[in-house]
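None of the figures in this text is laboratory data; all of them are computed from the coordinates on show. In this text, all values refer to a predicted model and were calculated from it rather than measured experimentally. Methodologically, a virtual Cβ is constructed for each residue, glycine included, from the backbone with ideal geometry; neighbour enumeration extends over all protein chains shown.
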Amino acid sequence: MSIEGTMAPVPCIKDGNIDCQRKDRCTTLDMWLRIEKAVMDIMNETTIQDLLNDANSKGIIKIQDSMPEYVI
């Protein structure tokens, strides 16, 4: 799935770059990097079809079914 922008959980790690003066002393940096990787892995392996299948299995109506038809 393609996304715009960063999925970084904190602003100091953006697009894999660590922008922090305290990075060498940060006790949570490794955790945030693992969280970012996990989120990106899920996003990369999830397709729009996966989301549609999930919506269908939950009985969520399709947007086009609920929108009025406009004719000009």
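Here are the numbers for this structure:
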item	result
Summed residue charge, Cβ within 15 Å of residue 30's Cβ, Lys/Arg positive, Asp/Glu negative	+3
Gyration tensor (Cα) of the range 1-55, equivalent ellipsoid semi-axes in angstrom	28, 11, 7
Dipole of the range 1-55, positive direction: furthest Cα of 31, 52, 8, with charges on the beta-carbon	31
